[in-house]
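Remarks on the structure that follows.
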Amino acid sequence: MLQLLRKKSQSTFIQIIVVVIALVFIFWGVGTNMMGSRDAALVVNGEEISFQQYQRAYDRAYQRLSDQLGGNVPKGFAETFNIKQQVINQLIQASLLRQGATEMGIVVSAEEIQKTIQAMVQFQENGTFSMERYKSILASNRMAPTKFENSLRFDRLTEIAARDIGNFATVATDYEVMAVYNQINEKISLNFVKVSPKDFLEKVEVNDELLKTWFETVKDNYKTEPRLKLKYLTFTFDAISKKIEIDDPKIEEYYNDNLSDFQVPEQRHARHILLKAGDKDSGQVHEEKKKKAEEVLQLAKNGGDFADLARKYSEGPSKDSGGDLGFFPTGSMVPPFDAAVSALQPGEISNVVKTRFGYHIILLEEIKPAETYSLSKVKERITQILQRKQAENLTFQVANNAYEGIISAGSFASYAEKNKDAQILETGFVARSDAPEILRQDPLFLDKAFSLNKGELSSLIKGQSGYAIFLAEDLKGPVIPPFDTIKSTLTDDFKKAESEKLAESSAKEILDAVAGGKDFEAVAQEKGVALQTSGLLGQKESAQESSFPASLVKDAFQLSPSSPLPKKPGQFGEDFYVYTLLSRKNPAPPEDLTELDRYRNNLLSFKRQQILSAWLRNAEMHAEISQHPSL
């Protein structure tokens, strides 16, 4: 375990440590179809996942991504996030976990399902479960109680299996916790010099003979782009979808079937005053900030204007706006802050609340109740979703008819003659970099077009934005421009390349001299570079006042008193760095033992995630999984 942590000691994930697996309730009724249908999108050890279930999961994943990016995200762009494969993986893993739960003999009782349903706020009225409301909501979503309860049972099985598998990791030892704590909080300082190529530019000799000789070695770098003359037809999903009319019953059906997608949780609008005191601050600092927070609290409760007090006393980023945090849902703040806000009523001020950021005083301004968007409010969004779904099939039909028409006509020109209304587009000679926008926005279109030979007709190409057909009318291959036409550019590039070689050579000479026992400062003076000290550097970030590149800190932490020099100079941008370990400072044990508890819990969570991930990999390796060819 420690060996793994050491290998990962510089990575973001060990700096944060916590790796959380999100086992999402992907959709109602996954795994309930066991009848051997030919229409299964996925089959996992005989358990079928239908296309409808896959599509619902995909639509929700796409909608979540679209909402995060401000809405109206094109499907082609969304696919760059590989959400299709993510959904497939989630469905497979959820199925394997349910099957694992069954093999482990895990049973979810009817009483547990009953308690879960009674605790769901959407089925409550005035804080109490309402059977009438329960049946009404299920009926409006065309779902029988039996099916809903079975789906909850499947989801609960997935949860329990994930929890029980991870719980095989039960202990994070004191030694492991302190090893992680020391790795994350250890500091080092360095002596270093920076050797910059710009200091060698004037030392580079250049003449036509040298330049021509160098040009022969690098001339392929100066080739012009191939240029293509095209005729083409495009059939985009967006263009087709705008022509599709969706009737109101279909919109209403989609709305009812996906009601959870249009629900917004309760949000609270709050202000706060923050007196900063972090985990690394001393107990004395915490006492001072807590005392100050209590004093400010009394000013607020005695009628002081909260916004003015925030501007005067708060040390948080919202200070200038009077501590205004805007609206936020439950769970979006750190737990102590979240709990305090949830306990307030509009106009109430909290007592002093301690979080990892320090000491807060919170004023709740208002509560925006949970809301389900009305059909009229989301009608346009649903229309676009349904238009896009229908457009994907219709676009292929239109494009395929055109392609068959070209083949039947015998040539692109003959097809154009017979189909005067066809919107055939043409280009002059264009390179990839200045091709028409519709091609540059769809990488697959661009790749396919520029892979054609002169006179060649493409197949029907499916891209991210739709379909296209290309005819390469003419082609100009890349050429190497004459020396005289690019001499000025060659001169600049030659001097830059040679100055980098000289800088690297000088840095290596400095490193070799210091490794040979010479004084670092004396060598630096001899080479005309300044010896600098980094100040204390941590693995997470370098000291702000240091000019030592943060990207080289990872390598610097591999140094030790017995091996204080790197094997070769480091490079950041065009500059080269020679550095040596000056000191290494272990962190003092934390004064607040709850900090170690946090490390222990996070390390234990990491171990559990590792076990669960390993279990899932092994289960997938030995599972019989089939995927429909159309996915």
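Return the distance in nm (one decimal) between the two label points of a simple spin-label model at ASP247 and ASP555, each offset 7 Å from Cα along Cα→Cβ.
Once both label points are built, they end up 6.9 nm from each other.
Charges on Cβ only, +1 for Lys and Arg, -1 for Asp and Glu, centred on the Cα centroid of region 266-369; of GLN267, SER321, GLY347, which one is farthest towards the dipole's positive end?
Farthest along the dipole direction, towards plus: SER321.
Quote the charge dipole size of the chain about the Cα centre in Debye, to the nearest 20; the model charges only the Cβ of Lys and Arg (+1) and of Asp and Glu (-1). Don't skip to the end; give the middle numbers.
Values: 77 positive and 86 negative charges, 109 e Å.
In debye, rounded to 20, the chain gives about 520.
Fewest first, what order do VAL171, VAL204, VAL553, VAL193 take by the number of other Cβ atoms within 10 Å? Could you put the intermediate results ahead of the total?
On the way: VAL171 10, VAL204 17, VAL553 21, VAL193 25.
In increasing order of surrounding Cβ atoms, one gets VAL171, VAL204, VAL553, VAL193.
Under 8 Å for C-alpha pairs, at least 6 residues apart: give me the relative contact order for the chain, rounded to a whole percent. Working shown, then result.
Details: 863 pairs, mean separation 156.4, N = 631.
About 25 percent, as a whole number.
Nearest 0.05, what FRET efficiency do LYS187 and LYS354 give at R0 = 22 Å with Cβ-Cβ as r? Each step should come with its number before you reach the end.
Values: r = 27 Å, r/R0 = 1.21.
E(calc), rounded to 0.05, equals 0.25.
Once R0 is set to 25 Å, what does the formula 1/(1 + (r/R0)^6) return for the Cβ-Cβ distance between LYS312 and THR594, expressed as a FRET efficiency to the nearest 0.05? Intermediate values should be presented prior to the final figure.
On the way: r = 31 Å, r/R0 = 1.23.
It comes out at approximately 0.20.
Assigning unit charges at the beta carbon (Lys, Arg +1; Asp, Glu -1) and nothing else, what dipole magnitude in debye, to the nearest 20, does region 219-320 show about its Cα centre?
Working: 20 positive and 21 negative charges, 182 e Å.
Computed charge dipole of region 219-320: roughly 880 debye.
Only sites in a loop by DSSP and with at most 12 other Cβ atoms within 10 Å count here; which GluC sites (Glu not before Pro) in region 200-232 make the cut? Please report the intermediate quantities before stating the final value.
Working: sites: GLU202, GLU205, GLU209, GLU216; in loops: GLU205.
Of the GluC sites (Glu not before Pro), the ones in loops of region 200-232 whose Cβ has at most 12 other Cβ atoms within 10 Å are GLU205.
Check each of the chymotrypsin sites (Phe, Trp or Tyr not before Pro) in region 365-449 and keep only those in coil by DSSP with at most 16 other C-beta atoms within 10 angstrom; list them in order. Provide the component values of the computation, followed by the final result.
On the way: sites: TYR373, PHE396, TYR403, PHE412, TYR415, PHE429, PHE445; in loops: TYR373.
Answer by residue number: TYR373.
Grab the beta carbon distance between THR213 and GLU574, set R0 = 25 Å, and tell me the FRET efficiency rounded to 0.05. Please report the intermediate quantities before stating the final value.
On the way: r = 24 Å, r/R0 = 0.94.
With R0 = 25 Å, the Cβ-Cβ based efficiency is 0.60.
Dipole size in debye (nearest 20) for region 439-559 around its Cα centre, Lys and Arg Cβ +1, Asp and Glu Cβ -1? Don't jump to the answer; show the numbers that get you there.
Numbers: 14 positive and 19 negative charges, 87 e Å.
Magnitude of the dipole: close to 420 debye.
Expressed in nm to one decimal, what extension gain is obtained for the pair LEU65 and THR116 from 0.36 nm per residue of sequence separation less their Cα-Cα distance?
Values: separation 51, 0.36 × 51 = 18.36 nm, distance 2.83 nm.
Residue separation times 0.36 nm, minus the Cα-Cα distance, leaves 15.5 nm.
If I model a spin label as a point 7 Å beyond the Cα along the Cα-Cβ vector, how far apart are those points for MET143 and GLU509 in nm?
7.5 nm
Would you mind calculating the gained length between GLU526 and ILE480 on full extension (0.36 nm times residue separation, minus the Cα-Cα distance), in nm to one decimal?
Working: separation 46, 0.36 × 46 = 16.56 nm, distance 4.36 nm.
Extending this stretch completely gives an extra 12.2 nm.
How long, wide and thick is the chain, going by the Cα atoms along their three principal axes, in whole angstroms, largest first?
89, 87, 57
Looking at this model, which pairs from LYS212/LYS501; LYS291/LYS554; LYS487/LYS527; LYS194/LYS554 are more than 28 angstrom apart at the alpha-carbon? Mind showing how you got there, number by number?
Details: LYS212/LYS501 19 Å; LYS291/LYS554 40 Å; LYS487/LYS527 32 Å; LYS194/LYS554 17 Å.
From the list (LYS212/LYS501; LYS291/LYS554; LYS487/LYS527; LYS194/LYS554), the Cα-Cα distance tops 28 Å for LYS291/LYS554; LYS487/LYS527.
Which residue, ALA110, ILE244, LEU559, has the largest displacement toward the positive end of the dipole of the chain when charges sit on each Cβ (Lys, Arg +1; Asp, Glu -1)?
In the chain, that residue is ALA110.
Counting only helical runs of four or more DSSP H residues, what would the 222 nm mean residue ellipticity of the chain come to if each run contributes -39,500 (n - 2.57) and the total is spread over all its residues?
Working: 23 runs with 293 residues, N = 631.
When only DSSP H runs of four or more count, the value is -14500 deg cm²/dmol.
With the cut-off at 16 Å, report for region 266-369 the share of all Cα pairs above it, as a whole percent. Kindly include the intermediate steps, with their values, before the conclusion.
Values: 2843 of 5356 pairs.
When every Cα pair of region 266-369 is considered, 53 percent fall beyond 16 Å.
Across every pair of different alpha-carbon atoms, what Kirkwood hydrodynamic radius in Å does region 407-481 reach?
Numbers: mean 1/r = 0.0738 Å⁻¹.
Across region 407-481, the inverse of the average 1/r is 13.6 Å.
With the cut-off at 18 Å, tell me which of the pairs LYS243/LYS389; LYS219/LYS454; LYS420/LYS448 have Cα atoms farther apart than that. Display every interim value, and only then the final one.
Details: LYS243/LYS389 13 Å; LYS219/LYS454 25 Å; LYS420/LYS448 26 Å.
Correct reply: LYS219/LYS454; LYS420/LYS448.
Are there any GluC sites (Glu not before Pro) in region 530-631 that are in a DSSP loop and have at most 11 other Cβ atoms within 10 Å? List them by number. Present the calculation step by step, with values, prior to reporting the outcome.
Details: sites: GLU541, GLU545, GLU574, GLU591, GLU595, GLU620, GLU624; in loops: GLU541, GLU545, GLU574, GLU591, GLU624.
Those satisfying the criteria are GLU541, GLU545, GLU624.
Every number here is computed from the coordinates shown, using simple stated rules; none is lab data. Model, not experiment: these values are computed from the prediction. Don't worry about glycine lacking a Cβ; one is built from the backbone with ideal geometry, like all the others, and counts go over all protein chains shown.
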